[in-house]
Each structure stands twice: as structure tokens, then as C-alpha cells.
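Below is one structure, written out as C-alpha cells, with a few remarks after it.
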Amino acid sequence: MTVTAVQADQVEADQQIIAKVLAGHREDFSLLIGRYSDALYRHALGMTGSPDVAEDILQMSFIKAYQHLAEVRGRFDAWVFRIVANGCKDWLKNIRRTHLSYDEDDQPSGYATPEEDLDRTELRGDLDRALAALAPSLREAFVMKHVEGRSYEEMADLLGTTVGALKMRVHRAREALQVLLEEKYA
Amino acid sequence: MHDDLTAREGHDETPRSRVPEPTKAGAVGRHRTTDGSRMADREVPIELTRTPDLVHAWLDGEIPESSVRGEEAMRHVEFWKRVDSDLEVKRQMHAPADLTDRIMAALPETTPSLVSPWWNRPIEMNPLAVAAAAAGLLALGTALGASLKR
């Protein structure tokens, strides 16, 4: 694992917070939540397509992280990312098992704000539906690359796979999305 | 000529046909042949969906856009520029402002501690308990010895 100086500082800062929480300063756990919740939320939202589900997964993941905080070895951010990523995959498995339709209840209608025009809202809805149509592993790789902006090396580190395998997943995800969206974006 | 990406969960990393089946999400567009005539969704020729390697390299940040040449490649570039403008919205998403407070309120009151397996836990006994256990074992041994002598 390649750890830059910035990452090393961050790991140390996280470890100090963890030590304080374990010493009884429960409120310091909010620092860890604040530090990583945005990136984790984007991941959960990209994977599930639902803001409500993403919030639930984050809440459950941080509670689990708190309960097992004494077991953290190394990077807290990588550890909690894996909890969230597994939470997303479990949710997707359950959704398949219960035969819920992606294009109804579980899909957000888009993340439009009032100032955005209707046309772009529709396009985002199409993008969300196309993402939902991808296999979870392809969606995960695409979201990590193009939404979270992670490098292939970082993705490989977090997912425990190779850079080559992840490149293949991202490339296949792009080509699948292009087939699904070609007409809308043409 | 067709590939169901959803069915294989993406675990197979070998290069295969790159055209996904339409799925129930229903966002499948119609496809055109090179002469512009419409084709059925299941008859997408591979050459229309195969993204040039240079475009992948550009999307991966390995080469600048100026290195991507050719009409077909530029069509892909334009497509991904449009997608990217929508992805940018996703990149700007933040967790709800009150999420931290809600998580903190839902945390257990007890301080987390390392839970080790029972065989790895230290045994703590006070001297009185040790003396009582020793006396008990001695009494048991004496009783057993006496019964064996009979």
C-alpha cells in the first residue's frame, strides 16, 4: 500500500481521534463522521440511487464502525469505506431478492434544484436509470472512478483487487452506459 | 453477439462482446446503423459500441483530449463530455447537514471496547477466591482418596 505524507498525517490524526473516543470521549466520533461522510454518501448514493437509502446505509455503517472502533488497524477511512461498500452490496442483493423494480420506488427522480432546467433533470434521471442497470461491480467501479474521482491504484487498494481488473470493469461500464444513453445524449 | 452484463455480476474480467442486453431499467436507446437506419435493440453491431482505446485513455486521464483523433473517436469524446457535465452534479453532492447529529444520537451510550475471544482474555481472581478454590479442591481430593481406600 502506497501511503503519501498527507495520507500518513491523516491516518495519524484519525488514530488520535480513535484513541480519544476509546478513552471515553464519545463526542469526538463526530469528527470522523464529518471528515468522511460526504465521500461515503456519494458512494452510497451512486450505488443505490436513493438519498434515503444512502443515508440509512451511512448511519448503520457509522454505528457499526463505532461499535468495532477498537478493532481498527491502519487506515480508518479505508476500513469504514469497506463497511459502507458492503452495506451497499447487501442492500442491492436484498433488492434483487425481493424483486423490487429499480425504475419505480428505488430510483430517485433526479437531484434537481429549482434553478436547473427540466431538460437536464430528465437527462440525470436517464443517467441514474442507466447506472442502476449496470451490474453492481461495474457500477461500483464506475462510481468510484467518475463520481468519487479515485485513482485505479486507490480503488484497487480499497476493493482488494488489481488495477487491470478495475480498468476492465470501468471500461465495460462506460461502454454499457454509452449503449444505454446514446440517443439521449447524442 | 450479445452480452448480459447484469447476469454475470461483472466478475469475469475477460474481454467479451461489449453490448449489454436491454434491462428492466428501460433506459435503452435505439441504435442506428452507419447509414442512419434504425435497428432493433438486439441488433447492435459491435463496432458501434466499442469505445476506442484512445477515448478510454483520455477518460482515464492518461492522455490529453488533443491526442484523441478521428471522427468516430471525437463522437465518443462529445458524448462523454455531456455525461461528465451530469456526473459533475453527483460529484458536488454532500451528505445532509444533520446526518452527523442523527448518527451521534443513534450511537450506543457505552464506550466501544475490544471484544477478545474467551480463551484470550486475562483471568482475574482475588486472593480470597483463589484460597476458597484451593480449599475446595483439597477437600474434594481428600474425599475421593478416602473413598478409594475403602
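The values are calculated or read from the model by the stated rules, or taken from the named source; none is laboratory data. Because the structure is a prediction, the values reported are computed rather than measured. Reconstructed Cβ throughout: ideal geometry from the backbone, glycine too, with neighbour counts over all protein chains shown.
Residue by residue, here is whether (1) more than 9 Å from chain A (Cβ to nearest Cβ); (2) free of Cβ contacts under 8 Å to residues at least 12 places away in the same chain holds:
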{"site": "B:Glu62", "(1), (2)": "yes, yes"}
{"site": "B:Val68", "(1), (2)": "yes, no"}
{"site": "B:Glu72", "(1), (2)": "yes, no"}
{"site": "B:Pro96", "(1), (2)": "no, yes"}
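Taking every residue in the stretch A:22-34 that is within 11 Å of B:Asp101 (Cβ to Cβ) and pairing it with any residue that is buried (at least 18 other Cβ atoms within 10 Å of the Cβ) and aromatic (Phe, Trp, Tyr), at least 6 positions away or on another chain, the pairs with Cβ-Cβ distances below 9 Å are A:Ile33/A:Phe62.
Only one of the numbered conditions (1) within 20 Å of the chain's Cα centre (by Cα); (2) closer than 24 Å to A:Gly160 by Cβ is violated by A:Gln67, and that is (1).
Here is a yes/no grid of residues against (1) hydrophobic (A, V, I, L, M, F, W, C); (2) assigned to a loop (DSSP other than H, G, I, E, B); (3) under 18 Å from B:Lys90 (Cβ atoms):
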{"site": "A:Leu131", "(1), (2), (3)": "yes, no, yes"}
{"site": "A:Ser137", "(1), (2), (3)": "no, no, no"}
{"site": "A:Arg150", "(1), (2), (3)": "no, yes, yes"}
{"site": "A:Ala156", "(1), (2), (3)": "yes, no, no"}
{"site": "A:Leu166", "(1), (2), (3)": "yes, no, no"}
{"site": "A:Arg174", "(1), (2), (3)": "no, no, yes"}
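Suppose the filter is closer than 22 Å to B:Arg50 by Cα and touching a Phe, Trp or Tyr at 6+ places or on another chain (Cβ under 9 Å); does A:Arg129 pass it? So A:Arg129 fits the description; yes.
One line per residue, one yes/no per condition, for (1) within 9 Å of chain B (Cβ to nearest Cβ); (2) under 23 Å from B:Gln92 (Cβ atoms); (3) at pLDDT 90 or above; (4) out of contact with any helix residue (DSSP H, G or I) (no Cβ under 9 Å at 6 or more places or on another chain):
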site: A:Ala13; (1), (2), (3), (4): no, no, yes, no
site: A:Gly34; (1), (2), (3), (4): yes, yes, yes, no
site: A:Glu55; (1), (2), (3), (4): yes, yes, yes, no
site: A:Asp103; (1), (2), (3), (4): yes, no, no, no
site: A:Leu123; (1), (2), (3), (4): yes, yes, no, no
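Polar (S, T, N, Q), modelled with pLDDT under 95 and in a loop (DSSP other than H, G, I, E, B) - does that describe any residue in the stretch A:74-94? No: zero hits.
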